[in-house]
Each structure stands twice: as C-alpha cells, then as structure tokens.
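These notes are about the structure you will find just below.
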Amino acid sequence: MEDSKIRKRLIIGALAAGLISASAISALLFRSGSAHVPQTRSSGEALVGGPFTLTNHLGETVTDETYSDKYKLFYFGFTYCPDVCPLSLQIMAVALEELGPLNTQIHPLFVTVDPERDTPESLAAYVAQFHPNLIGLTGTVDQIKAVTSAYRVYARKTQDPASAGEYTMDHSSIFYLMAPDGSYVSHFTHVTDPEAMAREITQVLKK
Ligand code: NI
C-alpha cells in the first residue's frame, strides 16, 4: 500500500476514535519530525537503554527483566497528547498488525512521560484503544526521570496553550527497537511508514 493511503487510513482511524483534531492532522501531515535522534558510536551502537523499574497498566511492578524474553518496541509519550502520540501509536498498531503472528515475539511498550496524570488505570484505558498487545508503563516521577534519561527521551512540562492553568508535555517522538538483552537495535520516528517499520522488525526477528 502507498504511504499516502496508509497515512490516510491512520488519520481516518484516529478521527473515528476521536483522538485527533483536524488542525492537528494538518500539522502532522506537514511535520518533518522534530524527534531528537540519539547519538551513535562509530560502531553504530546507540547509547540508549538501561535497567528500569516501573508499574504496568495492571498496577504490577515491572523491570527490564520482566521483558527480557523478547524484543521490545518502546514509545514514550503521554495520554493527554493531542496529536503526535495518537498518530505514533496508530503507526505502532498498524505495524504490529503487519507483523502478523510474529507480533507475539515482541513487547510493544508505551512509557508515559507524564507520570503525575498517567495512572495505571488511565493507561489501561488508553493502550486498549490502539492494540491489545500494547503495554502501558508509568511510575514515580523519579522512575520516569530515570527511564527517560536512559533512553535519551526529551520531555518537559509546558503551559497548555489550549487550556489555561493546565500543562502539556513537550517530548521527543521516537520508537526504540531493543533486543531481548536490552541492547539497542534500531529506532523509528512518527513519520515512519508502518509497513517499513514492520519489514525492519521482521528482518530483525528472523535473524
Ligand atoms: Ni505526544
């Protein structure tokens, strides 16, 4: 399927779910992606990842060890995000569907950068809108600081221009594909074509 068709399908899906506004769509369509790309060593190995302790959307304490049986696809965002996170999670959901049965060989993880508002309960409702395999992760402010720092995710509270007295989060928008042992494999941004993402993940899983 052509990129434009996929993007259209994603946007229609997001609209149907009431997730993004029309103005957000035009911003997304014409956005070139402001994600902070991680620094890489000359070997190509990126300096991202590390151990973490967090709480999953079922309220259970989890660590990097909990997910050491499979590859992991991480995305960092927050449930109040009006545009980029819903689009990114749609891309992730389409890529997981493109993987077919292989998608059971990967843990898709959505880590909040807004632990003060994203409780396990709100994450549970949110991730279910995108994909049944998607796992929501939150934690204390310090736990989230530690994991975002390990994954070199930029996240900062700012005044919400759409709502006086409320805050929103500026954050980088990157998917990280990590190996079962927690080492970095690859990354993608929210302008990635989900079919291309699925192809690259398939190649990694079949190695
Ligand atoms: Ni976002």
Practice task
Classify region 41-157 as rounded, prolate or oblate from the Cα gyration tensor: take a ≥ b ≥ c as the square roots of its eigenvalues, call it rounded if a/c is under 1.5, otherwise prolate when a/b beats b/c and oblate if not.
Solution key: rounded
Fill in the blank from the handout: By the Cα gyration tensor axes a ≥ b ≥ c (a/c under 1.5 gives rounded; else a/b larger than b/c gives prolate, otherwise oblate), the shape of region 162-201 is oblate
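Protein chains only, probe 1.4 Å: how do 199, 152, 117 rank by accessible area, largest first? Present the calculation step by step, with values, prior to reporting the outcome.
Working: 199 140, 152 110, 117 40 Å².
My answer, sorted largest first, is 199, 152, 117.
Relative contact order of region 101-178, please, whole-number percent, based on alpha carbon pairs below 8 angstrom and at least 6 residues apart.
Details: 78 pairs, mean separation 19.7, N = 78.
This gives 25 percent for region 101-178.
Just how large is the dipole of region 71-207 about the Cα centre, in debye to the nearest 20, putting +1 at every Lys and Arg Cβ and -1 at every Asp and Glu Cβ? Display every interim value, and only then the final one.
Details: 9 positive and 15 negative charges, 90 e Å.
Computed about the Cα centre, the dipole is about 440 debye.
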Problem - Residue (of 174, 104, 137) at the positive-pole extreme of region 100-207, dipole from beta-carbon charges - result: 104
Completion exercise
Here region 165-171 yields Karplus 3J(HN,Hα) values (6.51, -1.76, 1.60; θ = phi - 60°; whole Hz; Gly and Pro given as x) of x, 9, 10, 10, 10, 7, 8
Completion exercise
With 0.36 nm assigned to each residue of separation and the Cα-Cα distance removed, residue 163 to residue 200 gains 9.4 nm
Practice task
Per residue of region 103-114, in order, report the coupling 6.51 cos²θ - 1.76 cosθ + 1.60 (Karplus, θ = phi - 60°) as ³J(HN,Hα) in whole Hz, putting x for Gly and Pro.
Solution key: 5, 7, 8, 9, 9, x, 10, 10, 9, 6, 9, 10
Handout entry: Label point distance in nm, residue 105-residue 154, each placed 7 Å from Cα along Cα→Cβ
Key = 3.5 nm
Practice task
Rounded to whole Hz and in sequence order, give me ³J(HN,Hα) for region 126-132 from the Karplus expression 6.51 cos²θ - 1.76 cosθ + 1.60, θ = phi - 60°, writing x for Gly and Pro.
Solution key: 6, 4, 5, 6, 9, 7, x
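The values are calculated or read from the model by the stated rules, or taken from the named source; none is laboratory data. Since the structure is predicted, the reported quantities are computational estimates derived from the model, not experimental observations. Neighbour counts are summed over all protein chains in view; Cβ atoms, including those assigned to glycine, are modelled from backbone coordinates with ideal geometry. In case anyone asks, the SASA skips ligands and DNA or RNA and just uses the protein heavy atoms, side chains included. Shrake-Rupley method; radii C 1.70, N 1.55, O 1.52, S 1.80 Å.
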